[in-house]
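Structure first, then comments.
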Amino acid sequence: MLAKSFRWRVVVAAVAAVALVVVAESTLLDSRYAARNALVRVSTAPAEPGAQLRFIATAYCKGTITRSGIPVRSGMAAGDPSILPLGSVIRVESAGAYNGLYTILDTGPAIQGRMIDIYMWSCYEALAFGRRPLDITILRLGWKPVDSASDRIDAAFRQREREWRPKSLYSRPLNLNDPAER
């Protein structure tokens, strides 16, 4: 019947075209859609000491004085003051060579929401860093020590001290329980 009637051929072709457009424009549940939903769930957690959150990170290399009045240096970052107030201490994870402790000492007009901007001395390095998602742990919110997760901060600084001290000068391991060796 379809082969003999031109009208039926046109109707079938039109229905097939509409069906193709509907299928092509529909949102399928694929891995990108699931990952986007997971990121939304992680991003809605409140910013509080000890919280592990997902942020989008960029890098910057320009400037001389931060919003807090301190000259720029490595180990500092810029953040949205409504989420990470000035003086907040964070630990960056999943950033490879850029893992570590950062203090939020700067703000920026483009830094809004769950974004941080890490300071780097080299502009080439900052450009190569690009824009990437990072997992961070908030160790302290703002300047108040009361708003800290002190056990996490102490452990992070002790770990950094162990890694920093030259091993050849010490014949025995450090006893961090002894106040004289801290």
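Where a number appears in this text, it was derived from the coordinates with a stated rule and is not lab data. Everything numeric in this text was worked out from a predicted model, so none of it was measured. Heads up, the Cβs are rebuilt from the backbone with ideal geometry, glycines too, and the neighbour counts pull from every protein chain shown.
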- Name all residues of the range 72-89 having a backbone nitrogen under 11 Å from the label point set 7 Å from the Cα of ALA51 along its Cα→Cβ direction, giving them as ranges. 83-85
- Message: Starting from the 7 Å offset along Cα-to-Cβ, what nm value, one decimal, do you get for the label separation of ALA97 and LEU127?
- Response: 1.6 nm
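When the chain is fully extended, how far beyond the present Cα-Cα distance does ALA14 get from ARG73, taking 0.36 nm per residue of separation?
Working: separation 59, 0.36 × 59 = 21.24 nm, distance 6.43 nm.
Contour length minus the Cα-Cα distance gives 14.8 nm.
Compare the peptides 16-25, 125-134, 82-91 by average per-residue count of other Cβ atoms within 10 angstrom and give them in order, highest first. Can you show the working numbers first?
Details: 16-25: 9.2, 125-134: 13.7, 82-91: 19.8.
Put in order of decreasing packing, that is 82-91, 125-134, 16-25.
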- Note on the structure: 1/(1 + (r/R0)^6) with r = Cβ-Cβ of ALA24 and GLN112, R0 = 25 Å, i.e. FRET efficiency to nearest 0.05, evaluates to 0.15
